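**Q** I have a structure here, written as structure tokens, and I will follow up with some questions on it.
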Amino acid sequence: MRTVMLLLIILLLPSVSFAETSVDDGNALLKNCNTALNALDGKISATKGEAAFCAGICFGKIGGVVDAGKIINVFAESRGRNKQDVYCVPDDISTAQATRVVVKYLEEHSEDLHLRDTALIVTALKEAFPCK
């Protein structure tokens with residue numbers, strides 16, 4: 001459990017924002033991910049600078065959180081413990097698929113978009129891919 005808390009603290013620590021409006025909240029994540037998915041789906045040009053930038057931010061954050069959960073679980077199992085109650089994203093789920101899961105969660109929980117983006121990603125993945 002300490003390992004889980006430590007990793008979550010490390011993930012969320014950079015969230016300390018000194019600005020009035022955050023670029024690390026759910027609103028910004030939803031915007032970036034919608035732009036990224038629109039480019040992926042061919043609805044907008046993926047070669048546009050903004051689409052590539054948004055995709056990098058979105059896929060980077062979501063991919064990083066997915067990988068962090070996998071690392072926590074591997075570490076726990078290597079120490080003879082059960083998987084931590086974080087989330088268990090299947091290995092065959094792509095970053096794009098995980099992004100669609102997160103976007104769906106954000107759209108269904110718009111009242112939480114003011115919260116830190118990485119915390120929302122963790123919550124969405126926990127809900128969609130609970131460890132069994």
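**Q** Got a sec? Which of Val65, Val86, Val102 is outside any helix (DSSP H, G or I), of a type in the set (Val, Ile, Thr) and crowded, with 16+ Cβ neighbours inside 10 Å?
**A** Values: Val65 fails: outside any helix (DSSP H, G or I); Val102 fails: outside any helix (DSSP H, G or I).
Going through Val65, Val86, Val102 in turn, the sole match is Val86.
**Q** Looking at the range 113-128, which of its residues are hydroxyl-bearing (Ser, Thr, Tyr) and farther than 12 Å from Val66 by Cβ?
**A** First pass over the range 113-128, keeping only residues hydroxyl-bearing (Ser, Thr, Tyr): 118, 123.
Within the range 113-128, Thr123 is the sole residue that qualifies.
**Q** To continue, here is another question. Of the numbered conditions (1) modelled with pLDDT of 95 or more; (2) of a type outside the set (S, T, N, Q); (3) farther than 12 Å from Gly26 by Cβ, Lys61 satisfies every one except a single condition; which is it?
**A** (3)
**Q** Only one of these is modelled with pLDDT under 95, under 14 Å from the mean Cα position of the chain (by Cα) and more than 22 Å from Ala128 (Cβ to Cβ): Gly42, Gly49, Gly69, Gly56. Name it. Steps first, please.
**A** Numbers: Gly42 fails: under 14 Å from the mean Cα position of the chain (by Cα); Gly49 fails: under 14 Å from the mean Cα position of the chain (by Cα); Gly69 fails: more than 22 Å from Ala128 (Cβ to Cβ).
Only one candidate passes the filter, namely Gly56.
So that you can scan it fast, the table gives a plain yes or no per residue for (1) farther than 21 Å from His109 by Cβ; (2) in contact (Cβ under 8 Å) with a residue 60 or more places away in the chain; (3) out of contact with any Pro (no Cβ under 6 Å at 6 or more places or on another chain):
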position	(1), (2), (3)
Ala28	no, yes, yes
Ala46	yes, no, yes
Ala52	yes, no, yes
Ala55	yes, no, yes
Ile62	no, no, yes
Asp67	yes, no, yes
Tyr87	no, no, yes
Asp92	yes, no, yes
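**Q** So, one more: Quick check: anything in the range 9-31 at pLDDT 95 or above, within 14 Å of the chain's Cα centre (by Cα) and among the charged types (D, E, K, R)?
**A** Narrowing the range 9-31 to residues at pLDDT 95 or above: 25-31.
So of that shortlist, the ones also within 14 Å of the chain's Cα centre (by Cα) come out as 25-31.
Still in the list and also among the charged types (D, E, K, R): 25, 31.
Checking the range 9-31: at least one residue is at pLDDT 95 or above, within 14 Å of the chain's Cα centre (by Cα) and among the charged types (D, E, K, R).
**Q** Please work out which residue is surrounded by the most Cβ atoms within 10 Å (Cβ to Cβ), limiting yourself to the range 105-132 and to residues that are part of a helix (DSSP H, G or I) and among the charged types (D, E, K, R). Full working, then the answer.
**A** Step one: of the range 105-132, the residues part of a helix (DSSP H, G or I) are 105-108, 110-112, 117-128.
Narrowing the set further to residues that are among the charged types (D, E, K, R) leaves 107-108, 111-112, 117, 126-127.
Values: Glu107: 11, Glu108: 11, Glu111: 8, Asp112: 15, Asp117: 28, Lys126: 16, Glu127: 13.
Checked the range 105-132; the qualifying residue surrounded by the most Cβ atoms within 10 Å (Cβ to Cβ) is Asp117.
**Q** From the set of residues in the range 32-62 that are basic (Lys, Arg) and surrounded by fewer than 16 Cβ atoms within 10 Å (Cβ to Cβ), which is farthest from Ala96 (Cα to Cα)?
**A** Our first condition is that a residue be basic (Lys, Arg); within the range 32-62, this holds for 43, 48, 61.
Add one more test, that the residue is surrounded by fewer than 16 Cβ atoms within 10 Å (Cβ to Cβ), and what stays is 43, 48.
Values: Lys43: 15, Lys48: 19 Å.
It comes out as Lys48.
**Q** May I pose another question? Scan the range 89-99 for residues that are among the aliphatic types (A, V, I, L, M) and either over 14 Å from the mean Cα position of the chain (by Cα) or in a loop (DSSP other than H, G, I, E, B) (or both) and report the count. Walk me through it before giving the result.
**A** The initial filter retains those residues of the range 89-99 that are among the aliphatic types (A, V, I, L, M), namely 89, 93, 96, 98.
Applying the additional criterion that residues be either over 14 Å from the mean Cα position of the chain (by Cα) or in a loop (DSSP other than H, G, I, E, B) (or both) yields 89, 93.
Qualifying residue count for the region: 2.
**Q** Report yes if Glu77 is at pLDDT 95 or above and in a helix (DSSP H, G or I), otherwise no. Working first, answer last.
**A** Working: at pLDDT 95 or above: no; in a helix (DSSP H, G or I): yes.
Answer is no for this residue.
**Q** Is at least one residue of the range 82-104 at pLDDT 95 or above, touching a Ser or Thr at 6+ places or on another chain (Cβ under 9 Å) and closer than 21 Å to Thr35 by Cβ?
**A** There is no residue in the range 82-104 that is at pLDDT 95 or above, touching a Ser or Thr at 6+ places or on another chain (Cβ under 9 Å) and closer than 21 Å to Thr35 by Cβ.
The values are calculated or read from the model by the stated rules, or taken from the named source; none is laboratory data. Computed from a prediction, not measured in an experiment: that's the story for all the values here. Counting neighbours? That spans all protein chains shown, and the Cβs are built from the backbone with ideal geometry, glycine included.
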